[in-house]
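Shown below is the structure under consideration.
Every number in this text was worked out from the coordinates using simple rules, so none of it is lab data. As the structure is a computational prediction, the values presented were derived from the model and not from experiment. Here the Cβ is made from the backbone with ideal geometry for all residues, glycine too, and neighbour counts use every protein chain on show.
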Amino acid sequence: MPNNDIILSVNHLVTAFDTEGGRIKAVDDISFQVNKAHTLGLVGESGCGKSVTALSVMRLLPKPAGVIESGQILFNNTDIASLPADQMHEIRGKRIAMIFQEPMTSLNPVHRIGQQIGEVFQLHFPEMGESDITTASLELLNKVGIPEPEQRMVEYPHQISGGMRQRVMIALALACKPDILIADEPTTALDVTIQAQILDLIQKLQQETGMAVIFITHDLGVIAEICEDVVVMYAGKVAETASVIQLFKNPKHPYTQGLLDSIPRLETPRKTRLNIIKGMVPGLTELPSGCRFRNRCPHAMEICATEPPPSMQVGEDHFAACYLHV
Ligand code: SF4
């Protein structure tokens, strides 16, 4: 029986890339759910598969190298992993939208901002006339807190600041009132004050529109601030899933514990060395057998080298893939 609170359900997703050295799995058998109107944080170090997961959901994997090898991505109970390209075109941008870390990679540098927003309306709502599009574009720019929207409409992306460009990206993503917004490190390139403003804006818009948000970040501080649910990824696998409260109060996976230990805290005396997780995330071509975290794990045991650990329930809606809990 489908759970009506779930808008997106990723089940046993495997996404692979064909390389000169053969096929490698960047995302290997991951599962998680996103609830309607909730914010889910996808967290982990660089190279853990967060962005590949997002690109798989958007069906924007680089072609021909990237493929969804198996698994399901159920959006409102429709499997979009196997949807024909023309039907996915109807969903991408309209029902599921995405914003990226660097808006300049998505904004067209030679088109005025008004024109770029107008194109989104034209593409998804061909029945809209020119004056309706202008009114809707101005409304959107207002909504995302861009001052003097009439002036911004005739400017080019390079004429506005990085924070304003990110707001324009959010406006483009929200033009069709999506059910899900995927935000891939949208604040990483911004200074802290602007970062806080953009996080506030995403939260405010989410409350207004009721959309679900998947927020991808390596920053647990951001997760604590805006997420309700968290998925911790490591080397293409899900290490732990929990509510944000459980994850911070009672982390069960040694990788999550290591990430939390490496956050600077106000109560820690100055000049205290932070506990950082030793070693690096292994490359996808040199993964250890069994648990992928075992070369860095302070609790590694013999069994950890055998098979990848299964995901175990460790609390209410709390799962960890670790032999300590088997
Ligand atoms: Fe550490 Fe073993 Fe758990 Fe992996 S399965 S996180 S190596 S204890």
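Could you list the trypsin sites (Lys or Arg not before Pro) in the stretch 276-326 that lie in coil according to DSSP, counting only those with at most 15 other Cβ atoms within 10 Å of their Cβ?
Filter output for the stretch 276-326: K278.
Taking all pairs of distinct Cα atoms, average 1/r, flip it, and tell me the Kirkwood hydrodynamic radius of the chain in Å to one decimal place.
21.0
Follow-up question, since we're still on this one. Taking a 27 Å limit on the Cα-Cα distance, which of the listed pairs K36/K278; K50/K252; K143/K249; K204/K278 fall beyond it?
Over 27 Å apart, Cα to Cα: K36/K278; K143/K249; K204/K278.
Moving to a separate point now. In percent, how large is the relative contact order of the chain, given Cα pairs closer than 8 Å and 6 or more residues apart?
20 percent.
Something else now. What aspartates and glutamates does K63 reach when the alpha-carbon gap must be under 18 Å and sequence neighbours fewer than 8 apart in one chain are set aside?
D18, E20, D86
As I understand it, the dipole of the chain uses +1 on the Cβ of Lys and Arg and -1 on the Cβ of Asp and Glu, about the Cα centre. Which of P126, C227, I245 lies farthest toward its positive end?
It is I245, whose Cα lies furthest towards the positive end.
Under a straight-distance cross-link criterion of Cα-Cα below 16 Å, which aspartates and glutamates are reachable from K237, leaving out those fewer than 8 residues away in the same chain?
Answer for K237, where 16 Å is the Cα cut-off: D28, D29, E45, E69, E286, E307, listed by chain and number.
Given a 10 angstrom Cα cut-off, can you work out which residue in N76, N250, N275 is the most mobile in a GNM of the chain?
N275
When the chain is treated as a GNM, springs tying every alpha-carbon pair under 10 Å, which of G315, G145, G71 comes out with the largest mean-square fluctuation?
G315
Beyond 20 Å, what share of the Cα-Cα pairs of the stretch 2-146 remains, rounded to the nearest whole percent?
Of all Cα-Cα pairs in the stretch 2-146, 58 percent lie more than 20 Å apart.
While we're on this one: Starting from the Cα-Cα distance between H12 and H299, subtract it from 0.36 nm times their residue separation and give me the gain in nm to one decimal.
The span from H12 to H299 would gain 100.7 nm if fully extended.
On to the next question. Using the 10 angstrom Cβ neighbour count as an exposure proxy, how do L42, L61, L141 rank, fewest first?
So the residues, fewest neighbours to most, are L61, L141, L42.
Provide the percentage of antiparallel DSSP beta bridges, counting only those with both residues in the chain; round to the nearest 5.
Once the DSSP bridges in the chain are tallied, antiparallel ones form about 65 percent.
To the nearest 10 degrees, how steep is helix 113-124 against the longest Cα principal axis of the chain, on a 0 to 90 scale?
Compared with the principal axis, the helix lies near 80 degrees.
Test of understanding: ordering C291, C304 by Cβ neighbours within 10 Å, fewest first, what list do you get?
Least crowded to most crowded, the residues run C304, C291.
Sticking with this structure for a sec: Loop only per DSSP, at most 11 neighbouring Cβ atoms within 10 Å: give me the GluC sites (Glu not before Pro) in the stretch 1-103, ordered by residue number.
Here the GluC sites (Glu not before Pro) that fit, given the DSSP loop and packing criteria, are E20.
Summing -39500 (n - 2.57) over the DSSP H runs of n ≥ 4 in the chain and dividing by its residue number, what mean residue ellipticity at 222 nm do you reach, to the nearest 500 deg cm²/dmol?
Helix-only estimate at 222 nm: -9000 deg cm²/dmol.
Let me ask something else about it. Farthest toward the dipole's positive end in the chain, which of M164, G93, S137, given Cβ charges of +1 (Lys, Arg) and -1 (Asp, Glu) about the Cα centre?
Most positive-ward Cα: M164.
Given the stretch 129-226 reduced to its alpha-carbon atoms as identical point scatterers, what log10 I(q)/I(0) does the Debye formula return at q = 0.11 Å⁻¹?
Log10 I(q)/I(0), no solvent term: -0.33.
Now for a different question. Near the amide H of I99, under 5 Å away, which other amide H atoms are found, from residues 5 or more places off or on another chain, if H is placed in the peptide plane?
The answer is I182, A183, D184.
Going by alpha carbons, how many degrees (0 to 90, nearest 10) lie between the helix axis of 192-209 and the longest principal axis of the chain?
For helix 192-209, the angle is close to 80 degrees.
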